[in-house]
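Take a look at the structure set out below.
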């Protein structure tokens, strides 16, 4: 444990255990309360409290982070699936898989009605992106398999790629190499 106060910082001034502040060392690896200051003695009797608190805090942090990441992935996958279904439905049922002029007029009308009922997420530009998504990935099973590793933002970068072979290559690179959207943006797409 650090010997001088320069190596210490408050973990969070508003987070307290038994009314004393918690400290962490610079490596964020050790946590102890302000009462024992990392010494063997403890304000509740027993030097193991700070060590146990460190383990407990680490485990609870990990649970919270994992849960948040899982929820975010599930929400993103659900929304991406919804966007594919919306695009597919418009593409198949309204536009008859063609770029018919009368069909194109339906998108702004549909968008206005959806935005009125569900909010900003269904604007005309977004609906057109959903149609492009369904056109770029007409097979639902491919979308479902990619959803495990790719989010909507990944697909937004892949949709404009006109060459299907190139698009599939970059989708596979994102999937296999676990590219973040930042890494995907930096690639030579």
If I take R0 = 45 Å and measure r between the Cβ atoms of residue 79 and residue 56 in this structure, what FRET efficiency does the formula 1/(1 + (r/R0)^6) give, to the nearest 0.05? 0.85
Label model pair residue 128, residue 165: point-to-point distance (7 angstrom along the Cα→beta-carbon line) in nm is 3.0
How high is the FRET efficiency between residue 172 and residue 120 when r is their beta carbon distance and R₀ equals 45 Å, given to the nearest 0.05? 0.85
Pseudo-spin-label distance residue 153 to residue 66, built 7 Å along Cα→Cβ, given in nm, is 2.4
In what sequence do 91, 68 fall when counting other Cβ within 10 Å, fewest first? 68, 91
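Coordinate-derived values only; no laboratory data. Quantities reported herein were computed from a predicted structural model and do not represent experimental measurements. Neighbour counts are summed over all protein chains in view; Cβ atoms, including those assigned to glycine, are modelled from backbone coordinates with ideal geometry.
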